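Down below is the structure, laid out as structure tokens.
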Amino acid sequence: MNVIRLFENKVPPFERLEIQPMFKAALKRLIEVISACTGHLRSMQIKPYLIYQQQYVRVLFVGDVGRFNLTINIAGHTQFPDFSAPRLRFYMAVVDEMEAYYLVDLLHNTLLSDPFSNDKPVSISPLSPISVHNTVDSWLGAGKC
């Protein structure tokens, strides 16, 4: 079986990853839905967990308008959430842990910056445990709240 990854298999220089062309529209839709549900992103809460040897990452996006729950399943294939009906939590499948990490980092950086554009590559910040913040302490400390 040929596995199609969300991101290209190569990691080019300067932390820039290319998204597979077949997934660009679905990723743009995911970002639009999260942004519509949350408004301006204030924080993200990330919790990896394991159920019967199946790995998941729960991501809660919290914004000034509301919240959005996304559960990422490490499933060996890529599948985007079904937005046909409202749900309390949406599910997405990715190939492996690396793709889950890069997806969360991409969502974080995209939702904090300019809207996603189909015609320009997505730039991802250098890998850092600080790039995904679990609290609003940085906002409070900077006097932004």
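Rule-based calculations on the coordinates, nothing more; no lab input. On a predicted model such as this, the values are computed, not experimentally measured, just so you know. Every residue, glycine as well, gets a Cβ built from its backbone with ideal geometry; the counts of neighbours run over all protein chains shown.
Side notes on the structure shown:
- Here the convex hull built on the C-alpha positions of region 44-95 has a volume of 82 cubic angstrom per residue.
- Under 12 Å, Cβ to Cβ, from Glu99 - net charge with Lys/Arg +1 and Asp/Glu -1: -3
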